[in-house]
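Here the structure comes first, spelled out in structure tokens, and everything after it is commentary.
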Amino acid sequence: MAPLRPVIEMTNVTKYFGEFKALDDVTLSVDRGERVVICGPSGSGKSTLIRCLNRLEAHDSGRIVVDGIELGDETANIRAVRQDVGMVFQQFNLFPHLTVLDNLMLGPMRVRGMDRAAAEALARQYLDRVHIPEQADKLPSRLSGGQQQRVAIARALCMEPAIMLFDEPTSALDPEMIREVLDVMAELAQTGMTMICVTHEMGFARKVADRMVFMAAGKIVEIAPPARFFTAPASRRARAFLDQIL
Ligand code: ADP
Ligand code: MG
């Protein structure tokens, strides 16, 4: 069997905002097809870590290699990595004046240079995947929050990324809509997509994660399989965190 080459390698990564150290010597490698869930208290650096992976934030020291491409100031590398990495945020960031279908077709046409017919076929395929094909011609504002977030996931998938990053994708949703988004994410995990998800949805984490990463104060404090993390976390900080949220 071919060895699993890490598709993401962060080595001794540090990131400052002014004097404040938001990432402190973070080392993490993720294999192709692996599902990693990141949790930890607010302000612990989870979003910063995720954002460094497609250079929405620039790290100050250490190395980040994504799918064999090193992230630095090189714009060609940044562009290549961004084509390879899909991202879904807490806020959906859909274009309000475009229909759902047009939101999905924009990236494939503008960035991937697909013609209209091919982009539409692709967009419809991914709308099916997130179970809302009937919403294609509506404006985002006519959809529920859960549906809008599924559109945002479909939009990222239309770029056919190798890696999907999720930053608290359900934390802006009404409780009754969380499930439909997590179900779509779990289905995506089953396709073998490499995923890094920041979420506090621990039911999802138990079911989907290969590894849990626990962060506190800019550091990775603990990395463990979910079975161990949830029953016997090694660190006192992870225990205290789990006591609060479970
Ligand atoms: P988390 O996602 O775990 O809640 P973040 O990665 O968003 O944490 O933030 C980590 C720390 O870095 C926080 O203290 C936050 O206030 C700070 N921070 C994040 N982004 C910025 C920024 N653009 N400028 C200044 N400080 C920031
Ligand atoms: Mg965050």
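Nothing in this text is a laboratory measurement; each read-out follows from the coordinates by a stated rule. Everything numeric here is computed off the predicted structure, so don't read it as measured data. Virtual Cβ from ideal backbone geometry, glycine too; neighbours counted across all protein chains shown.
To the nearest ten degrees, helix 116-129 and the longest principal axis of the Cα atoms of the chain are 60 degrees apart.
At a temperature of 20 °C and a viscosity of 1.002 mPa s, determine how fast the stretch 110-159 diffuses translationally according to Stokes-Einstein, using the Kirkwood radius over alpha-carbon pairs as Rh; express D in µm²/s, rounded to the nearest whole number.
192 µm²/s
Taking the 0 to 90 degree range and rounding to the nearest ten, how far is the long axis of helix 145-157 tilted relative to the main principal axis of the chain, both from C-alpha atoms? With both axes taken from Cα atoms, the answer is about 90 degrees.
Among Met164, Met195, Met177, determine the one that fluctuates most according to a GNM of the chain built with springs between C-alpha atoms less than 10 Å apart. Result for the chain, Cα springs under 10 Å: Met177 fluctuates most. Answer rounded, prolate or oblate for the stretch 165-246, using the Cα gyration tensor with square roots of eigenvalues a ≥ b ≥ c: rounded when a/c is under 1.5, else prolate when a/b is larger than b/c, else oblate. It comes out prolate by the Cα gyration axes. If a/c stays under 1.5 just call it rounded; otherwise compare a/b with b/c (prolate if a/b is bigger, oblate if not). Do that for the stretch 1-49, with a ≥ b ≥ c from the square roots of the Cα gyration tensor eigenvalues. Here the stretch 1-49 falls in the oblate category.
The C-alpha atoms of the chain define a longest principal axis, and helix 75-84 lies at about 80 degrees to it. Expressed as a fraction of 2.2 N^0.38 Å, the value expected for a compact globular protein of N residues, the C-alpha radius of gyration of the chain is 1.01. Of all DSSP-defined beta bridges confined to the chain, some 55% are antiparallel rather than parallel. Springs join every pair of Cα atoms under 10 Å in this Gaussian network model of the chain, and among Asn103, Asn12, Asn54 the largest mean-square fluctuation is at Asn12. Computed extension length for Thr191-Arg206: 3.6 nm, one decimal, from 0.36 nm per residue of separation with the Cα-Cα distance subtracted. Per-residue ellipticity at 222 nm, computed for the chain from helices alone with -39500 (n - 2.57) per DSSP H run of at least four residues, works out to -11500 deg cm²/dmol. Count Lys and Arg as plus one, Asp and Glu as minus one, and take only other residues whose Cβ is under 11 Å from that of Val36; the net charge is then -1.
The gain in end-to-end length when the Tyr16 to Ala76 segment is fully stretched comes to 19.2 nm, 0.36 nm per residue minus the alpha carbon separation. What residue among Thr170, Thr199, Thr191 has the largest mean-square fluctuation in a Gaussian network model of the chain, using Cα springs under 10 Å? Most flexible of the set in this elastic network: Thr191.
Working note: Karplus 6.51/-1.76/1.60 with θ = phi - 60° gives the stretch 230-236 the couplings 7, 9, 9, x, 6, 9, 5 Hz, where Gly and Pro are set to x. Separation of the stretch 152-226 and the stretch 1-60, taken as the distance between their Cα centroids, equals 15 angstrom.
If you model the stretch 79-134 as an ellipsoid using its alpha carbon gyration tensor, with each semi-axis the square root of five times an eigenvalue, the axes come out at 17, 16, 12 Å, biggest first.
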